[in-house]
Every structure is written in structure tokens, then in C-alpha cells.
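The values are calculated or read from the model by the stated rules, or taken from the named source; none is laboratory data. Computed from a predicted model, the values in this text were never measured in an experiment. All Cβ positions, even for glycine, are placed from backbone atoms using ideal geometry, and neighbour counts span all protein chains on display.
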Amino acid sequence: MSAPATTLPLAPAAAAVPGTDACANRALMVGLAGIAVTAAGLFVSGARIVASAWLVGVTYWTAVAIGMLLWVLIHHIFDASWSVVLRRQFEHGLAAFKWLALLFLPLVLASLFYQTDLVWPWMNPAHLLPEHKSVASDLLYQKKSAFLNVPMFLGATIVFFLVWIWLSARLRRASFTQDTDGDTKWTTMSRKTAAFGIPMAALSLTFAAIFWVKSLEYHWFSTMYGVWFFANCARAALSCGVLITVWLLHRGDYRGIVNKNHLHSIGQLMFAFTVFWGYVTFSQYFLIWNANVPEETFWYNLREVNADGSDNQWKFVGFFILFGHFFVPFLLLLSYRFKVTPLILRRIAVWILLTIFVDICYNVLPALKDASGDPLPFLGPALFWSATSAVGVGGVCLWAYLRSFPTAKLIPVQDPRIGECLTHHE
């Protein structure tokens with residue numbers, strides 16, 4: 001372990017570089033505008049479509065925040081040195097969790113007091129399924145009802161956010177306080193938090209994905225679903241980390257702090273998790289295709305063909321995810337030059353974030369069906385409101401990050417491994 005960073009010149013607080021408050025205000029205005037436009041959709045497309053679109057937006061940005069939480073925990077459990085600088089930006093990103101909990105609340109309130117099956121059909125026992133039987137009479141629901149019920153859903157969702165907020169608060173407190181007193185006990189505390197925080201985060205993100213997204217079509221089940229969501233969380237957080245890093249490089253904050261080796265290390269992780277996502281997604285599809293069990297295959301069939309046998313738009317979305325989510329970033333991130341060139345790496349990060357958004361749409365929106373049981377088209381109102389939801393929720397999350405940004409030093413100046421980080425080499 002390197003010597004404590006007290007021998008290094010203290011980095012200025014982030015607020016020393018002007019413009020952060022203005023950026024935060026603009027982010028909040030964009031977020032509120034996105035929320036307002038999405039709310040207007042209630043009068044244009046109806047509550048069910050807009051509510052499902054809102055679920056896309058909230059799930060997307062919750063995945064980003066969970067990914068940031070996981071990377072901070074992983075940093076501490078491995079006692080990593082190169083990622084100390086990037087870790088600080090993820091710690092600021094964790095400030096979004098309490099706002100994400102607030103933004104998830106409308107879905108809960110609408111399901112409780114407006115229309116029980118507005119988003120999740122199983123919440124209403126009288127809801128008619130496409131095969132013209134009610135949820136209550138469905139044998140598969142009866143077998144899963146101990147898990148899929150409103151009290152369990154509400155209790156679990158509260159626990160998810162409490163776990164994420166609590167872990168985030170511990171990590172942020174330890175890191176920010178260490179900037180002031182330099183006590184290594186905060187590093188030890190963070191490592192202990194990581195030891196129990198990683199399994200807590202892993203379990204909570206898995207069950208959140210199952211409750212919020214997979215249960216939209218509760219007949220289906222997959223043992224890979226939580227891992228698929230984890231892969232998207234990790235990739236989304238890394239991509240946002242690239243955008244933040246490049247932004248700070250261009251502002252001048254990171255001049256002399258972040259070098260090509262930091263970018264290369266981030267790019268390597270982006271490449272690794274691109275392969276991991278491909279492995280998980282292929283495994284899920286191959287196992288279901290090979291087993292050919294109707295209770296599993298229908299989920300993919302629904303996203304390929306309509307009831308009359310014609311191809312639907314979701315089939316081509318699936319092809320886009322296959323090539324855009326895996327092959328494009330895989331081939332680009334093979335290049336060392338691409339990984340260490342900020343503008344190119346930023347474009348790759350934006351592409352990955354776009355494909356993750358499409359991937360979440362692919363998992364959520366086909367639950368919206370027409371009278372014949374076919375999913376509503378991809379290119380339609382649901383996609384538009386999903387985009388406005390993502391902008392609205394994203395603006396609030398960015399605002400939370402920018403509000404937190406000036407509250408601590410730009411880098412963890414008293415972290416025991418800051419010296420190794422600043423001199424990071426391959």
C-alpha cells in the first residue's frame with residue numbers, strides 16, 4: 001500500500017471550477033420538462049402506456065445508479081488503486097437513489113389507488129389474460145402468488161431502496177469524511193461495507209428486476225434474468241463514468257490527474273462486460289430455445305411473430321440488440337487506440353447507453369398488448385413516452401449528481417491509494 005496521500009498537494013473542492021451550479025439548474029429544468037411532457041402523455045395515449053413507459057425510464061436510471069454502487073463496492077473489496085479518482089464521481093452519482101425512490105412512487109400509487117393492473121396485471125385477480133381467463137384462475141399465478149402479491153411487492157420495493165440508500169450513505173460518509181481528517185479507519189469501514197454490501201446489492205438488484213420487469217409477464221421465468229440486469233447495470237455505470245471523466249477532462253478539472261492508462265482500464269472493463277453481457281444473453285436464449293418449453297419460449301415468440309404468423313417490429317429490435325449491444329462495442333473496444341482516445345471512448349459509451357435503453361424497452365414494452373394479444377409496435381407512442389421518461393428521470397439524476405459534486409474534493413485526496421492512482425500505469 002502506498003503512503004497516505006497527505007504528502008500530496010490538496011486538490012481544490014469541485015466548486016472551485018465555475019459552472020457546476022448552472023449545469024445543475026439546467027439539468028433540473030430538463031428533467032422537469034421531461035416529466036411534464038410524459039405526464040401530458042396521459043391525455044394523449046392513456047395511463048397504461050405512459051405508466052409502462054415511466055417504468056422504463058425509472059428502471060433505466062436505477063440500473064445506472066445500482067451499477068455505480070456496485071463499482072464503488074467492488075473498488076473497496078479489491079482494494080483497487082487505479083479507480084480511486086473514478087470512484088469519487090460514482091459516489092456523487094449515488095445521491096440519485098432517494099430521488100429515484102420518489103420517482104418510482106407514482107407507479108405504486110397509481111397501482112394502489114387508480115387501477116390495480118395498470119402496470120403489473122397480476123396485481124388484479126380479475127384481470128383477463130389473452131387466453132380469456134382471469135389471473136385468479138391461472139394455475140401458474142396460483143403457484144407464484146406467495147411471491148407475486150401486492151404486500152410483498154410493496155415491502156420488497158421499500159427494502160430495495162432502503163438498502164441502496166443506506167449502503168450509499170455509508171460509502172459517501174466514509175469517503176467524504178476522509179478528505180477532512182485523513183483517518184484510515186474510513187477505508188477500513190468502506191471495505192467492511194463492501195464485504196456485506198455486495199451480496200445485499202446483488203440480491204436486491206436481482207429481485208428488483210424480477211418484481212419490476214420480469215413479472216410483467218409472470219408466466220415466463222429465467223434463471224439468468226438477475227445476471228442480465230446486473231450486466232446492464234455494470235455497463236451503464238461504466239459508460240456514464242466515461243462521460244463524466246471526459247467532461248471533467250474537457251473542463252480542465254482532471255488535467256494532470258487522469259491519464260491514458262485510466263481510460264484504458266475503464267475501456268478494458270467496458271470490453272469485459274460487453275463479453276459478459278453477450279455470454280449471459282446468449283445463454284438465456286440458447287437454453288430456452290434448446291429446451292423448447294412453451295412456458296419459456298412464448299416470451300421470445302411474442303417478440304418475433306404476431307398471432308397471425310407475421311413478423312412484428314420487435315423481431316428487428318432483437319436483431320438490433322444482438323448486433324448493437326454486443327458486436328459493435330465488442331469490435332470497437334478491441335482497439336487500444338479507441339480505448340485511450342477520449343472522444344472515441346465517449347461515443348462508444350453513448351452507444352452502449354442507447355442500446356441498454358432499447359434493451360430495457362425490449363423487456364418492458366411488449367407487455368402492452370392489443371386485442372389479439374400481439375405486442376404494440378416498437379415504433380409507437382410507448383417508445384416516445386419511454387424516451388421522455390428517460391430524459392425526465394435522467395435530468396433529475398444528473399441534477400442530484402451535480403448538487404453533490406461541490407460538496408467534496410474533486411478527488412479523494414486522503415485516500416491511502418491516491419498516490420498509486422495518480423501514477424497509474426498499465
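Computed values, structure above
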read-out: Test: residue in the range 221-234 that is under 25 Å from the mean Cα position of the chain (by Cα), among the hydroxyl-bearing types (S, T, Y), outside any helix (DSSP H, G or I) and on the phi < 0 side of the Ramachandran plot; value: yes
read-out: Condition check for V227: farther than 25 Å from T62 by Cα and surrounded by 15 or more Cβ atoms within 10 Å (Cβ to Cβ); value: no
read-out: Single condition D253 does not satisfy, out of (1) assigned to a helix (DSSP H, G or I); (2) surrounded by 17 or more Cβ atoms within 10 Å (Cβ to Cβ); value: (1)
read-out: Residue under evaluation I158, criteria (1) aliphatic (A, V, I, L, M); (2) without any contact (Cβ under 8 Å) to a residue 60 or more places away in the chain; (3) not in a helix (DSSP H, G or I), criterion not met; value: (3)
read-out: Residue in the range 384-392 that is buried (at least 18 other Cβ atoms within 10 Å of the Cβ), within 22 Å of L28 (Cβ to Cβ) and of a type in the set (F, W, Y) present; value: yes
read-out: Which numbered condition A174 misses (of (1) surrounded by fewer than 17 Cβ atoms within 10 Å (Cβ to Cβ); (2) farther than 24 Å from A63 by Cβ; (3) at pLDDT 95 or above); value: (1)
read-out: Selected residue (criterion: surrounded by the most Cβ atoms within 10 Å (Cβ to Cβ)) from residues of the range 69-100 that are in contact with an Asp or Glu (Cβ under 8 Å, 6 or more places away or on another chain) and part of a helix (DSSP H, G or I); value: V72
read-out: Criterion violated by E91 - all others in (1) in contact with a Lys or Arg (Cβ under 7 Å, 6 or more places away or on another chain); (2) modelled with pLDDT under 95 satisfied; value: (2)
read-out: Residue selected from the range 92-110 under the condition touching a residue at least 24 places away in the same chain (Cβ under 8 Å) and over 15 Å from the mean Cα position of the chain (by Cα), by the criterion farthest from A53 (Cα to Cα); value: H92
